[in-house]
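Step one of this worksheet: look at the structure below.
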Amino acid sequence: MHMQVMYDNKVLIFDRTDFGPSNISLSHHRCRFNPRDLALKLDCTAHSVLYDLSHNTLRPLTLRTDAWCSSGALVPDGSLLQTGGFNDGYTTLRSFTPCPQHNTCDWREIRNHNLSNSRWYSSNQILPSGKIIIVGGRNSFTYEFVPKNDVPSSSFHYLPFLKLTRDSNRGEENNLYPFLHLLPDGNLFIFANRNSILFDYTTNKVLRNFPIIPGQEKRNYPSTASSVLLPLNLTGLNGTRLPDAEIMICGGAYPGTFSLANTLKIFLEASRTCGRLRVTDSNPVWVMETMPTPRVMPDMILLPTGNVIIVNGAMNGTAGWENAANPVLYPVLYRPGLVGPFPKFQLLAPASTPRMYHSSAVLLPDGRVLVGGSNPHRVYDFRANPYPTELSLDAYYPEYLGIQFDSLRPSIVAVEAVNNTASYGRVFAVNISLWDYRVGGLGVTLVAPSFTTHSFAMNQRLLLLQVLAVQQVATSGYRVVARGPPSQAVAPPGFYMLFVVHAGVPSTAVWVQVK
């Protein structure tokens, strides 16, 4: 249900705690006792694991409270701050700090600083200050900031936009897990249902109402679409102006789809459309495009090349228990920078496992896309036909990982920066090895690892850095000189995956800290 890549090349994976026992026992005869749990008061099984990419192993972790449909974000030191959930987790703050040296770290409940409002189906975004804004949640038309170390626990702010965008007919909401994107000017783009605003969270003011996205489709949970901030291109700007920012939203469901699926098990066809809005334009207008297949509950993941891969989801229905049919097995590659008569959407080789409600996807440092989960049932049901609870993980290999591109693939040898830090506005260098160098074909990208749940990769961000020089230093060795991001609003502080991309083929990433 939830996935987060950490800077030590491990993936934090977790689910809800009130489904009953999992198939993985906690180590060292550990158990958790929680009298408020709705399934097991005493539970000796794990509902969270730490997956080690290097060794293909996992370690069971202990969640103390229910993280069902929660949210999260990495803070600047690389720890995951995880917010909300269900029942005993409504107002809970949790954290997980990587421990690459001793491998014994576990979840920690932050007992003294509870959230001020219930945060079930809310969204998070890290801010330029390093704080995190939490927006919305079921029946919570507010936002607040964490960590809470310098404000009272009761501090929150009312946001009428969240109430105005809720559909109250037939039990539909369609504004949960709102899409949040931090823009280069430091303001926040918020999208819910079909509406979006430019929001100044420092003054609690709506600065702008953007046009309603065309079409009847609803775009947020349970009519779940997905959204990305398209890559921020810093090349050629020389720090003199902010990069353009463009939001893309794909998929969703039509009005009434949730009610028909939930009560009568009639599954209407999902949306086929994507909308792009260049929010930094003086008069932004949605540009609509059509996907090869209808899709609800898609995951949109930014690849290090700047392209977008769309995976998971269904062609009919909505999010929710037993509310969808006809899984979409074919990923789609979208090339946002492609112009001319060529199609921007490309169907890719199909997956073999349906990934529908409660599945997730994240970009890995080696350029693969990790996909896992899928449970459209009220409980674990491993024998359900045709969509059982799915415990497997898949790794999707984009075309750039094909062996035919090996000679074009750069390999990062070292980063010439103190403590692998890409400082704001400062020049640093990356030393690479490369067999078949193509002049003018080198780029450096920073990718912020996302917290992915319910088809929204929160805090996902890709920056194409300005390359100042490429110097050949050996027969197959090159030194790439680049400039760090210009500001905290363009790149909030924290850990990023740094890729060198050559002729459309990315290296394996190294982790750098932006600060």
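Looking at 430, 439, 480, 500, can you tell me which residue is more than 29 Å from residue 70 (Cα to Cα) and open to solvent by 10 Å² or more (accessible area, probe 1.4 Å)?
Numbers: 430 fails: open to solvent by 10 Å² or more (accessible area, probe 1.4 Å); 480 fails: open to solvent by 10 Å² or more (accessible area, probe 1.4 Å); 500 fails: open to solvent by 10 Å² or more (accessible area, probe 1.4 Å).
None of the others qualify; the one that does is 439.
Quick test for you: out of 54, 48, 71, 25, pick the one residue that is open to solvent by less than 50 Å² (accessible area, probe 1.4 Å), without any contact (Cβ under 8 Å) to a residue 60 or more places away in the chain and small (Gly, Ala, Ser).
Details: 54 fails: open to solvent by less than 50 Å² (accessible area, probe 1.4 Å); 71 fails: without any contact (Cβ under 8 Å) to a residue 60 or more places away in the chain; 25 fails: open to solvent by less than 50 Å² (accessible area, probe 1.4 Å).
Answer to the check: 48.
When you scan the range 167-247 for strands (runs of 3 or more DSSP E) that lie fully inside it, which ones turn up with 2 or more residues that are farther than 22 Å from residue 460 by Cβ and either of a type outside the set (Asp, Glu) or outside the structural domain of residue 285 (by the TED database) (or both)?
Working: elements: 179-182, 188-192, 195-200, 205-209, 226-229.
Strands (runs of 3 or more DSSP E) meeting the threshold: 205-209.
Considering only residues that are open to solvent by 10 Å² or more (accessible area, probe 1.4 Å), hydrophobic (A, V, I, L, M, F, W, C) and part of a loop (DSSP other than H, G, I, E, B), which ones fall in the range 352-408?
379, 382, 384, 391, listed by residue number.
Out of all the residues in the range 264-284, is one or more at pLDDT 95 or above, more than 18 Å from residue 371 (Cβ to Cβ), touching a His at 6+ places or on another chain (Cβ under 9 Å) and not assigned by the TED database to the domain that holds residue 451?
Yes, the range 264-284 has at least one match.
If the requirement is being within 23 Å of residue 460 (Cα to Cα), touching an Asp or Glu at 6+ places or on another chain (Cβ under 7 Å) and touching a residue at least 60 places away in the same chain (Cβ under 8 Å), which of these qualifies: 371, 362?
On the way: 362 fails: touching an Asp or Glu at 6+ places or on another chain (Cβ under 7 Å).
Just a single option satisfies the conditions, and that option is 371.
Would you mind telling me which numbered condition in (1) touching a residue at least 40 places away in the same chain (Cβ under 8 Å); (2) open to solvent by 20 Å² or more (accessible area, probe 1.4 Å); (3) within 23 Å of the chain's Cα centre (by Cα) residue 64 fails?
(3)
For the range 311-332, how many residues are part of a strand (DSSP E or B) and over 22 Å from residue 405 (Cβ atoms)? Even if it seems obvious, please write down each step before you answer.
The initial filter retains those residues of the range 311-332 that are part of a strand (DSSP E or B), namely 311, 314-317, 324-327, 332.
Checking the rest, the ones that are also over 22 Å from residue 405 (Cβ atoms) come to 314-317, 324-327.
Qualifying residue count, the range 311-332: 8.
Where the second residue is in a helix (DSSP H, G or I) and the first is among the aromatic types (Phe, Trp, Tyr) and lies in the range 250-272, which pairs have Cβ atoms under 9 Å and are six or more apart or on separate chains?
Partner pairs satisfying both residue conditions: 258/170; 258/171; 267/257; 267/260; 267/261.
Might you check whether a residue that is acidic (Asp, Glu), open to solvent by 10 Å² or more (accessible area, probe 1.4 Å) and over 20 Å from residue 91 (Cβ atoms) occurs anywhere in the range 148-163?
Narrowing the range 148-163 to residues acidic (Asp, Glu): 150.
This time we only want the ones that are open to solvent by 10 Å² or more (accessible area, probe 1.4 Å), so: 150.
With the extra rule that they be over 20 Å from residue 91 (Cβ atoms), the set shrinks to none.
No.
For the range 101-130, what are the residues that are acidic (Asp, Glu) and either surrounded by 22 or more Cβ atoms within 10 Å (Cβ to Cβ) or outside any loop (DSSP other than H, G, I, E, B) (or both)? Write out each step before concluding.
First pass over the range 101-130, keeping only residues acidic (Asp, Glu): 106, 109.
109, the sole residue that qualifies.
With of a type in the set (A, V, I, L, M, F, W, C) and either touching a residue at least 60 places away in the same chain (Cβ under 8 Å) or assigned by the TED database to the domain that holds residue 249 (or both) as the only criterion, which of 490, 444, 473 stands out?
Values: 444 fails: either touching a residue at least 60 places away in the same chain (Cβ under 8 Å) or assigned by the TED database to the domain that holds residue 249 (or both); 473 fails: either touching a residue at least 60 places away in the same chain (Cβ under 8 Å) or assigned by the TED database to the domain that holds residue 249 (or both).
Exactly one residue qualifies, and that residue is 490.
Go over the candidates 187, 233, 238, 174 one by one and state the one that is within 20 Å of residue 489 (Cα to Cα) and touching an Asp or Glu at 6+ places or on another chain (Cβ under 7 Å). First the steps, then the outcome.
Details: 233 fails: touching an Asp or Glu at 6+ places or on another chain (Cβ under 7 Å); 238 fails: touching an Asp or Glu at 6+ places or on another chain (Cβ under 7 Å); 174 fails: within 20 Å of residue 489 (Cα to Cα).
Unique residue meeting the criteria: 187.
Is it the case that residue 272 is under 17 Å from residue 345 (Cβ atoms), touching a strand residue (DSSP E or B) at 6+ places or on another chain (Cβ under 8 Å), open to solvent by 50 Å² or more (accessible area, probe 1.4 Å) and of a type in the set (Lys, Arg)?
Working: under 17 Å from residue 345 (Cβ atoms): yes; touching a strand residue (DSSP E or B) at 6+ places or on another chain (Cβ under 8 Å): yes; open to solvent by 50 Å² or more (accessible area, probe 1.4 Å): yes; of a type in the set (Lys, Arg): yes.
So residue 272 fits the description; yes.
Within the range 233-254, take every residue that is open to solvent by 60 Å² or more (accessible area, probe 1.4 Å) and modelled with pLDDT of 95 or more and give me the one that is farthest from residue 487 (Cα to Cα).
254
The values are calculated or read from the model by the stated rules, or taken from the named source; none is laboratory data. This one's a predicted model, so the numbers in the text were calculated from it and none came from an experiment. Cβ atoms come from the backbone with ideal geometry, glycine included; neighbour counts cover every protein chain shown. SASA here: full protein model, heavy atoms, side chains in, ligands and nucleic acids out. Shrake-Rupley method; radii C 1.70, N 1.55, O 1.52, S 1.80 Å.
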